[in-house]
Amino acid sequence: MSCYISLRERLEYSERINRSLFVVNGVHCETENKCKYFIQEINDRYPDASHNCWAYSVDNKVTRKNYSDAGEPSGTAGRHIFGSIEALELKNIVVVVTRYFGGIKLGIRGLIDAYGGVTSRGLENAKKARFCPGIVVTITMNYSSWDTFNRIFKEGSDYNKRNITYSDKVNVSIAVKVRMLNKIKEFAVKRNIKYSLENEVTFVEPIP
């Protein structure tokens, strides 16, 4: 999976539209089950709400997308929450929009504009990050190769050092982005250096 953009902090945003209160809650989630748990959390948090409409998009090896109008007229809420997520090209995210009815009916067009608009404004103002898949690689090499490695690859941009020990050789454990993995492998194979692939990790790069 390539890099993607999602929420880096929990989203909480609210607006009043024609006396109805709309509360937007959202989080980064990497599995469908976590998205469903969050939806239930919001349902429990606002048990007296008129509606808790939601949408999620999960793209983690298997793509899962879903949305619900949660009692609002069909096609007026969930699909437009989801549309706001897609318009900003966000992935691995769940958004729940809670509505407290204020006594004025908004009508079909009004509901569509309200749910889509409040979601868009909430997401646009939310703190986001770029998430990039990575993997931990353990490499054992001589000191000359380690010097060469550090001339070719830059710590902080190409890899993050996790652990290193020095003896007759250098044994280093590094986290690398998946897009850099083939270059690391080529470096090792060319110099007959032993390496092993360990656990998967995620690089999180805040977006200003």
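Here are the numbers for this structure:
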| read-out | value |
| --- | --- |
| Whichever residue in the stretch 171-190 is surrounded by fewer than 18 Cβ atoms within 10 Å (Cβ to Cβ) and among the β-branched types (Val, Ile, Thr) and, among such residues, is nearest to TYR4 (Cα to Cα) | VAL178 |
| Counted residues, the stretch 46-70 - those being without any contact (Cβ under 8 Å) to a residue 24 or more places away in the chain, farther than 15 Å from ASN92 by Cβ and surrounded by 13 or more Cβ atoms within 10 Å (Cβ to Cβ) | 4 |
| Subset of the stretch 83-120 that is of a type in the set (Phe, Trp, Tyr) and surrounded by fewer than 23 Cβ atoms within 10 Å (Cβ to Cβ) - its residue that is farthest from HIS28 (Cα to Cα) | PHE101 |
| Close pairs (8 angstrom Cβ cut-off, 6 or more residues apart or separate chains): closer than 21 Å to VAL201 by Cα in the stretch 146-161, among the acidic types (Asp, Glu) anywhere | LYS161/GLU155 |
| Filter result (of a type outside the set (S, T, N, Q), assigned to a strand (DSSP E or B) and free of Cβ contacts under 8 Å to residues at least 60 places away in the same chain) within the stretch 178-204 | LYS194, TYR195 |
| Top-ranked residue of the stretch 5-45 - restricted to ones that are of a type in the set (Asp, Glu) and modelled with pLDDT of 95 or more, ranked as surrounded by the most Cβ atoms within 10 Å (Cβ to Cβ) | GLU32 |
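The values are calculated or read from the model by the stated rules, or taken from the named source; none is laboratory data. All values derive from a computational prediction rather than experimental measurement. Ideal geometry is used to build each Cβ from the backbone, glycine not excepted, and the neighbour counts take in all protein chains shown.
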